[in-house]
1. Take every DSSP beta bridge with both residues inside the chain and express the antiparallel ones as a percent of the total, to the nearest 5.
2. Percent of Cα-Cα pairs per 10 Å bin, from 0 to the last occupied bin, for segment 12-89, please list those.
3. Given the rule -39500 (n - 2.57) for each run of at least 4 DSSP H residues, summed and divided by the residues of the chain, what is its mean residue ellipticity at 222 nm, to the nearest 500 deg cm²/dmol?
4. When V350, V198, V117 are ordered from fewest to most other Cβ atoms inside 10 Å of their Cβ, what list results?
5. Count the net charge of all other residues whose Cβ sits under 12 Å from the Cβ of P25, scoring Lys and Arg as +1 and Asp and Glu as -1.
6. Run through all the Cα pairs of the chain and give the fraction in each 20 Å bin from 0, expressed as whole percent.
7. I need to check one value: relative contact order of segment 12-89, counting alpha carbon pairs closer than 8 Å and at least 6 residues apart, in percent.
8. Take T102, project a point 7 Å from its Cα along the Cβ direction, then tell me which residues of segment 12-55 have their backbone nitrogen under 14 Å from it.
Amino acid sequence: MTVSKRAAKATEESLHRIFTIPEAPDSTLGRIEQEMSQNLAGFLGAHIAAKEMALSEIERDFACSEIPEQPTFVSEHMHHLLNKLVAQSVHTSSPSFIGHMTSALPYFILPLSKLMVGLNQNLVKIETSKAFTPLERQVLGMMHRLVYRDNEAFYQQWMHSANHSLGAFCSGGTVANLTALWVARNNLLKANGDFKGVAREGLYQALKHYQYDGLAILVSSRGHYSLKKSADVLGIGQDSVIAIPTDANNKVDCQLLRAKCQELTEKNIRVLSIVGVAGTTETGNIDPLVEMAEIAQQYQCHFHVDAAWGGATLLSEKHRSLLKGIELADSVTIDAHKQMYVPMGAGLVVFKNPSSVAAIEHHAEYILRKGSKDLGSHTLEGSRPGMAMLVYASLHVISRPGYELLINQSIEKANYFADLIDQHPDFELVTKPELCLLTYRYNPAVVQSLLVSSDKKQQDQINVLLDKLTKFVQKRQRENGKSFVSRTRIEVQKYHGRKTLVFRVVLANPLTSKDILTDILAEQIELAQESRNVLPKLISLAS
Ligand SMILES: *Cc1c(COP(=O)(O)O)cnc(C)c1O
């Protein structure tokens with residue numbers, strides 16, 4: 001151990017240095033920067049440890065709650081970050097990590113992000129963002145046009161209008177969904193006569209004024225949990241998000257939806273919004289949006305479409321019809337950080353009517369003056385980074401046809417993988433891909449036959465064991481560090497709606513090859529054999 005180490009000191013001079021002087025090219029940070037810009041994938045591959053370390057062990061490296069009294073040299077700290085943090089992070093861009101919606105990034109994003117961070121523009125007001133504000137408005141316009149296809153005159157009229165907005169840019173799908181429902185709530189319970197509106201007087205007075213016994217948000221049982229968070233924050237209550245069962249294809253059952261609307265209306269519960277899901281998080285299926293829009297029309301409620309994950313499909317001429325009816329929605333959520341290959345922190349919601357956002361407008365004298373074009377006057381978040389620049393750049397560099405290729409390829413790959421699973425006697429495809437997401441499980445052929453000939457009780461017993469096997473294989477595969485699929489629990493109609501554990505795969509990385517998919521199945525078969533007590537028990541049941 002070195003005893004007399006040169007120590008960093010917190011002096012005015014040293015602080016001045018870190019604000020002004022770049023790290024030398026041969027310093028640790030300088031070398032990292034070079035390595036990353038020359039070969040990001042190589043850098044990540046070399047520095048992220050393949051073997052998984054127990055979280056409890058990692059926690060020991062992050063155990064101290066004291067803020068350091070002694071500064072650290074940048075290079076020294078970089079070593080610490082590489083060893084303790086980078087090494088134990090997740091290789092989200094690896095082509096064999098096909099379990100999550102967090103995607104691989106194109107190369108040009110890296111220098112652009114540096115530019116964005118360096119400029120540190122704040123979109124809350126034009127004083128701190130200047131050209132970034134019209135840029136963000138343009139991005140919202142482009143995404144609005146992608147969904148609603150209004151004419152050129154419409155966009156020229158509204159895109160840069162001070163008192164309107166075609167949408168709101170935000171950190172992700174959660175805030176986008178919350179913003180949509182916030183707009184819906186404030187428009188429904190708007191000022192009326194002596195009543196100053198829910199935004200001013202709160203929900204209690206609003207319900208009293210409008211004489212409703214409650215509000216409800218209706219979404220399929222596959223709806224994203226961010227809707228419950230939104231209902232919670234908006235004072236509507238999580239229990240007022242009512243889950244409507246789905247059909248065998250994981251799409252909302254419109255007959256049940258209609259019946260629920262009727263039932264609630266008769267109970268004097270006002271349906272605030274019907275939410276269609278365009279690409280569910282667990283199975284990737286798309287709700288029947290045209291029919292849902294009709295029901296929303298009939299009950300005079302807001303129609304929101306949560307296309308956080310699937311919305312990018314609109315960029316594909318070949319597949320955009322899968323989202324038919326999305327243009328009937330009052331608002332649509334799309335995450336650019338999912339299938340648009342932009343780094344995290346890029347979500348947005350677009351509104352059909354450019355005046356909708358007036359319902360959530362906030363003004364403050366020192367900032368966000370009335371009539372200004374400041375984007376902060378109708379976003380939930382205050383200070384906000386220039387992430388829209390990365391969406392803007394991606395739309396230009398990749399372009400619509402480029403995105404179409406990426407999306408078509410992902411869907412083709414998912415269909416290829418589904419066939420591979422379907423044709424393999426020891427795998428069971430649980431949900432077919434509609435977009436590039438599917439679920440399946442390892443289930444030996446003999447056990448599959450046994451399930452077919454079993455009654456419900458026996459089926460349940462077998463499925464309990466299969467759940468154990470799925471969990472075992474998924475965990476082992478993750479721990480081995482070569483590849484990753486995620487797991488989720490979904491109701492499977494074939495098994496009487498039983499919540500069944502399945503592997504979940506999202507095939508959005510363009511570098512994921514057919515060979516990788518074959519290898520992932522082979523690894524899962526191998527791992528299944530390692531389950532000492534589960535697989536033998538299943539096989540003995542079947543023989
Ligand atoms: C991912 C997702 C969300 C939440 O988005 P975040 O960006 O994680 O906040 C909401 N809805 C759906 C359907 C999603 O897939």
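1. Values: 28 of 46 bridges.
Of the beta bridges lying entirely in the chain, close to 60 percent run antiparallel.
2. 15, 39, 32, 13, 0
3. Values: 19 runs with 230 residues, N = 543.
Mean residue ellipticity, 222 nm, calculated: -13000 deg cm²/dmol.
4. Details: V350 30, V198 25, V117 11.
With the fewest neighbours first, V350, V198, V117 line up as V117, V198, V350.
5. Values: positive: R31; negative: E23, D26, E33, E35.
Every neighbour counted, the sum reads -3.
6. 19, 47, 30, 4
7. Working: 30 pairs, mean separation 32.4, N = 78.
Relative contact order for segment 12-89 comes out at 42 percent.
8. 48-49
Readers should treat all values here as calculations from the given coordinates under stated rules, not as data from a laboratory. As the structure is a prediction and not an experimental result, all values here were calculated from the model. Reconstructed Cβ throughout: ideal geometry from the backbone, glycine too, with neighbour counts over all protein chains shown.
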